[in-house]
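Please read the structure below before turning to the comments.
The values are calculated or read from the model by the stated rules, or taken from the named source; none is laboratory data. Quick caveat: nothing in here was measured; it's all calculated off a predicted structure. Because the Cβ atoms are built from the backbone with ideal geometry, glycine has one as well, and the counts that use them run over all protein chains shown.
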Amino acid sequence: MERFGVFCCSGCGIGEAVDLAQLKSSAEEAKPAVCLEHACLCSPEGRKQIDDAVAEHQLEGVLLAACSSRAKQAEFAFDPLRLAVERVSLREQVAWSHPPKDEDTQLLADDLLRMGLARLPKATPTKPVEEEVETTVLVVGGGVAGLEAARAASGMGHPVVIVEKSDRLGGHTASLEQVVPETPPYERLQTNPLPARIAEIEADSGIRVLQGARIKTISGQPGQFKVEVESQGQVESFTAGAIVQATGARPYDAGRLGHLGYGGSPNVVTSDELDEILAKGELKRPSDGQLPKRVLFVQCAGSRDPQHLPYCSAECCGRTLRQIAAIHARHPQVETATLYKDMRTPGQLERFYAAVQAQPGTLFARGEVSSVEGNGRLTIHVKDSLLGEAVDLEADLVVLAVGMVPNSADGEAIRTLRDAQRRAEKGESETQKAEAQKKVDELKSHEGTEILNLDYRQGPDLPALRYGFPDSHFICFPYESRRTGIYAAGALRAPMDIPQAVEDGWGAAMKAVQCIEAARRSEAVHPRSGEIAIPDFFLQRCTQCKRCTEECPFGTLNEDQKGTPQLNPLRCRRCGICMGACPERIISFPTYSVDGVASMIKAMSVPEEFDEKPRIVALLCENDALPALDAAAAARKGWNPWVRVIPVRCLGSVNLVWIADSLSRGIDGVILIGCKTGDDYQCHFVRGSELAQYRLGNIQETLTRLALEPERIKIIELAHDEAYRVPEVLDAFAKELEDLGANPMKGF
Ligand code: SF4
Ligand code: SF4
């Protein structure tokens, strides 16, 4: 980069904290085309100063030494295709967190500015991805959530194709006459609105419905998914811009609930089976066709049970209330009793619960069923009742409110299974074949479960979490999956009832439409929405090690026969995890690269002698750790002045060479602060923190071998709202390094 400008802000306390004249004179050493100061750079006048200088000096880049990169984004928004922007946080990281006019504070500001100036010239021009984008939304699954997604997408002007494997839309719900109330006064059953919605969808010329159909294969990327659908022996192909998977859930296998009497007596039925009985018009006991005198409902049948489904299935309490109301409406003489662990009736459903409870002949009691005996008249043994005593109840019909299991396929498990099958057949040794066979046995239940049949290197379906629900970031991006442009909705995503599934369908459709629009503008979707730049792979130097294709959490990269990565740019979320993974360091973004950060580390001032002031590099994730640091600064919490913060897109984007460079430069320690790992992860890029932990484990071993203390590298998990911890963590690390003494590489 030949022409760049430096713009320093003296507002928000920066002018009082540091000597800006001195800062500007050290910035001049980097030979900027222009170096200016403004009392309020984010004001219209400040912005004009920048714009005028850019025009006059034909600048290719600007360094803004002002507030955090997270602040004033609208005020400092520039065309990324024309101008590279480097922001140095003099406000949060200096003025708001360190004593004014202090020598160490000035040195900190000086260092941060020098680091920014070192990185700015490394920026390369950003080029947009220019691809044709198709606007059709593919909806897989024609249940409640899928139908609502289709209605929503069509309403937003997008053509929709629904692929439904059965020969009717609406699933089990469509066969219900009445559903729990969704409108005031929320006390009586209401007519099922689904048949009318199905009629509306069938009449919508923008929605095509393919019934009795299955996805044969999906390849491509957002805006360009090539879809092949097989239906009645015919295969048809089309292109879709985004996909909503709403394949719903099925009842838990009641055959596993023998202790609740299922299978032992025909008079123990599941709630779906009771719906089938009620659909015939009259309540009849399966054993003899007689009207039962008392019906007993067992809640949480299989749900909230570590032996079966550890989670709450969310919908069964409402379903039981609906069935009790339906029975009482038709047969007021029938008594009902309900045994629950807790009745869960959130929102307005509580009013319906109260109305059902108030009907004569209903009993609700807390207790767990230990066993059910008998054949005609049934005896139900109950433990843990509210009275604390074992109780026996009698009933003519027992209804098990069984939990729900997602209709999903775990793409990662299927891929691992396929790899293991290959190795079991063609392994190099008998031991390898035996080990692979063990894996095959462990995973064989996934055989043939494919739904989306994605032609992705990382497996044919969305990756699933422990209980089979596709992964989603429950807190920040519920509908997002680890496959860009494919959104999970309804009971497939999490246990939910009909009103929630309706909302979910709309939510997922909006995400699908946003994704198509983002693809059209060549922009990333969450969490780096709006980002245009894509990673550049200098493939001439690729060794086909496959680390990037393995570690990309979003399945962006496929491989050719030799194992060379093939980028699908519109699948890319711009996390930089591939950049952190690549041992050859050949992956970079225009404004975020291994070289760029390495040059910042090189630009830090590190005295050759240990002056009991350890020099520290802090690599902070921009999603959680950096906001927490900014919040700490806003609360005027200070931290050790020898910490130099370098924001990173994700801890997974940290290339180990930065740590090696830091230590070989004599920097005393490197701390990485990022999001929480685990199934309830906070990491916005899913696996970034986990991968960083794994990679650091390896480098710490290397340090020990080189007689360098592994304690010089630390990784800390921290959430967005833990601002108070940031100064504590940084100060504690500085103290540990002080106690440890100088980095032995200092001065070499
Ligand atoms: S930047 Fe992230 S999403 Fe894109 S290819 Fe690299 S690892 Fe995958
Ligand atoms: S990590 Fe780097 S060297 Fe390895 S396959 Fe990917 S691009 Fe090639």
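Before moving on, here are some points about what is shown:
- Scope the stretch 565-581; condition near ligand 1 (Cβ under 10 Å from one of its atoms) and not aliphatic (A, V, I, L, M); matching residues: Pro565, Asn568, Pro569, Arg571, Cys572, Arg573, Arg574, Cys575, Gly576, Cys578, Gly580
- The set of residues in the stretch 554-576 that are more than 9 Å from ligand 2 (Cβ to nearest atom) and more than 18 Å from Glu523 (Cα to Cα) comprises Asn558, Asp560, Gln561, Lys562, Gln566.
- Residues that are touching a Leu at 6+ places or on another chain (Cβ under 8 Å) and farther than 10 Å from Cys572 by Cα were ranked within the stretch 528-558; the one that is surrounded by the fewest Cβ atoms within 10 Å (Cβ to Cβ) is Ile532.
- Scanning the stretch 521-544 for residues that are in a helix (DSSP H, G or I) and within 16 Å of ligand 1 (Cβ to nearest atom) turns up just one, Leu539.
- Residue tally, condition surrounded by 24 or more Cβ atoms within 10 Å (Cβ to Cβ) and away from ligand 2 (no atom under 16 Å from the Cβ), over the stretch 587-599: 1
- Selection within the stretch 520-553 - out of contact with any Gly (no Cβ under 9 Å at 6 or more places or on another chain) and more than 11 Å from ligand 2 (Cβ to nearest atom): Ser522, His526, Pro527, Arg528, Ser529, Gly530, Glu531, Ile532, Ala533, Ile534
- The set of residues in the stretch 109-133 being in contact with a Phe, Trp or Tyr (Cβ under 8 Å, 6 or more places away or on another chain) and either part of a loop (DSSP other than H, G, I, E, B) or crowded, with 19+ Cβ neighbours inside 10 Å (or both) consists of Leu120 alone.
- Meets criteria (under 41 Å from the mean Cα position of the chain (by Cα) and part of a strand (DSSP E or B)) for Val54: no
- Of all residues in the stretch 412-440, those that are of a type outside the set (Lys, Arg) and surrounded by fewer than 16 Cβ atoms within 10 Å (Cβ to Cβ) total 9.
Okay, residues lined up against (1) of a type outside the set (Gly, Ala, Ser); (2) within 25 Å of Tyr487 (Cβ to Cβ):
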site: Ala109; (1), (2): no, no
site: Arg114; (1), (2): yes, no
site: Lys122; (1), (2): yes, no
site: Lys127; (1), (2): yes, no
site: Val144; (1), (2): yes, yes
site: Gly171; (1), (2): no, yes
site: Ala174; (1), (2): no, yes
site: Gln178; (1), (2): yes, no
site: Pro181; (1), (2): yes, no
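- The single condition among (1) over 30 Å from Ala732 (Cα atoms); (2) more than 16 Å from ligand 2 (Cβ to nearest atom); (3) modelled with pLDDT under 95 that Lys613 does not meet is (1).
- Among (1) away from ligand 1 (no atom under 16 Å from the Cβ); (2) more than 21 Å from Leu737 (Cα to Cα); (3) of a type in the set (Gly, Ala, Ser); (4) surrounded by 23 or more Cβ atoms within 10 Å (Cβ to Cβ) - the single one Ala634 does not satisfy: (4)
- Annotation note: of Gly688, Gly674, the sole residue that is buried (at least 24 other Cβ atoms within 10 Å of the Cβ), under 25 Å from the mean Cα position of the chain (by Cα), touching a residue at least 40 places away in the same chain (Cβ under 8 Å) and within 16 Å of ligand 2 (Cβ to nearest atom) is Gly688.
- Odd one out for Glu517 among (1) more than 16 Å from ligand 2 (Cβ to nearest atom); (2) under 19 Å from the mean Cα position of the chain (by Cα); (3) not basic (Lys, Arg): (2)
- Condition check for Glu480: closer than 30 Å to Asp624 by Cα, within 17 Å of the chain's Cα centre (by Cα) and either surrounded by fewer than 24 Cβ atoms within 10 Å (Cβ to Cβ) or charged (D, E, K, R) (or both): yes
- From the options Pro647, Pro614, residue that is surrounded by fewer than 23 Cβ atoms within 10 Å (Cβ to Cβ), touching a Leu at 6+ places or on another chain (Cβ under 7 Å) and under 30 Å from Arg705 (Cα atoms): Pro647
- The listed residue being under 32 Å from the mean Cα position of the chain (by Cα), charged (D, E, K, R) and within 29 Å of Thr191 (Cα to Cα), out of Arg250, Arg285: Arg250
- Check on Ala734, more than 32 Å from the chain's Cα centre (by Cα) and among the hydrophobic types (A, V, I, L, M, F, W, C): yes
- When the stretch 728-748 is filtered for residues that are in contact (Cβ under 8 Å) with a residue 60 or more places away in the chain and either touching a Leu at 6+ places or on another chain (Cβ under 9 Å) or hydroxyl-bearing (Ser, Thr, Tyr) (or both), the ones remaining, listed by number, are Leu730, Asn743, Met745.
- Any hit, the stretch 569-586, residues being at pLDDT 95 or above, crowded, with 24+ Cβ neighbours inside 10 Å and either polar (S, T, N, Q) or over 27 Å from the mean Cα position of the chain (by Cα) (or both): no
- Scope the stretch 582-620; condition within 14 Å of ligand 1 (Cβ to nearest atom) and not hydroxyl-bearing (Ser, Thr, Tyr); matching residues: Cys582, Arg585, Ile586, Ile587, Phe589, Pro590, Val594
- In a residue-by-residue description of the stretch 498-520, the property of being away from ligand 1 (no atom under 16 Å from the Cβ), surrounded by fewer than 17 Cβ atoms within 10 Å (Cβ to Cβ), β-branched (Val, Ile, Thr) and more than 24 Å from Gln682 (Cβ to Cβ) applies to no position.
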